[in-house]
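First up is the structure itself, then whatever we jot down about it.
The values are calculated or read from the model by the stated rules, or taken from the named source; none is laboratory data. Since this is a predicted model, take the numbers as computed values, not measurements. Positions of Cβ are backbone-derived with ideal geometry, glycine not excepted, and every protein chain shown enters the neighbour counts. The area values use the complete protein model at the heavy-atom level, side chains included, leaving out ligands, DNA and RNA. Shrake-Rupley method; radii C 1.70, N 1.55, O 1.52, S 1.80 Å.
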Amino acid sequence: MAAFNGWMKKELQAESLVALRDYDALHKRKAAADQCMLWKALTGNWLRNFPVPPDPHAHLPKYLTQPQLDEVYTLPRNSKEQVDLVIRYMDKNEIVDDALRADAYELFARSPPPQSEPLPLRM
C-alpha cells in the first residue's frame, strides 16, 4: 500500500497526469462495458425466456422527462425511429451496440398495444 501511496503522490505532483487519466479512461470503458453486458443479459432473458416480455412503454416515464416522452410519442409506436430516439435519450455513456439495439427493436416490437379506455357497461 505504501508503494501505491508513493506512486499516487508522485503522480499528483507531476506536471502530466497521463497515467492517471489513462486509468480514468479505462475505468469509464470498463463501467460502460459492464452496463452493456447487464442490458444484454436483461433483454436476452426477457426476449428468449419470457412468454411475454416486459412492456418497455410502461417503464419510459422512469427514465425520460415529460418533454422527451412527448417527442417519443410523436413517432409511430414501436418504430425504429421511436426506439432510436429512446436510446439517444437514455444512452448517456454510448453503450448501445448493434446487438443491443436489435434487442431493443425486438423488445418494443413485441410490446402489447396501448391500453384503450374501458368500454362502459351496458345494462
Which listed residue (Val86, Leu69, Ala104) has the Cα farthest towards the positive end of the charge dipole for the chain, taking +1 on Lys and Arg C-beta and -1 on Asp and Glu C-beta about the Cα centre? Ala104
Taking Cα atoms, how many degrees apart are the long axis of helix 98-109 and the longest axis of the chain, rounded to 10 and kept between 0 and 90? 20
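Of the peptides 30-36, 48-54, how do they stack up when ordered by the mean number of other Cβ atoms within 10 Å, highest first?
On the way: 30-36: 13.3, 48-54: 10.6.
Most protected by this proxy first, the peptides run 30-36, 48-54.
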Rounded accessible area per residue of the chain, 1.4 Å, Å²: 77
Dipole magnitude of the chain about its Cα centre (Cβ charges: Lys, Arg +1; Asp, Glu -1), debye to nearest 20: 300
Just to be sure I understand the model, the point goes 7 Å from the Cα along the line to the Cβ. What's the resulting Gln35 to Thr65 distance in nm? 1.8
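Place the peptides 1-14, 83-96 in order of packing, highest mean first, counting for every residue the other Cβ atoms within 10 Å and averaging per peptide.
For the peptides 1-14, 83-96, the packing ranking is 83-96, 1-14.
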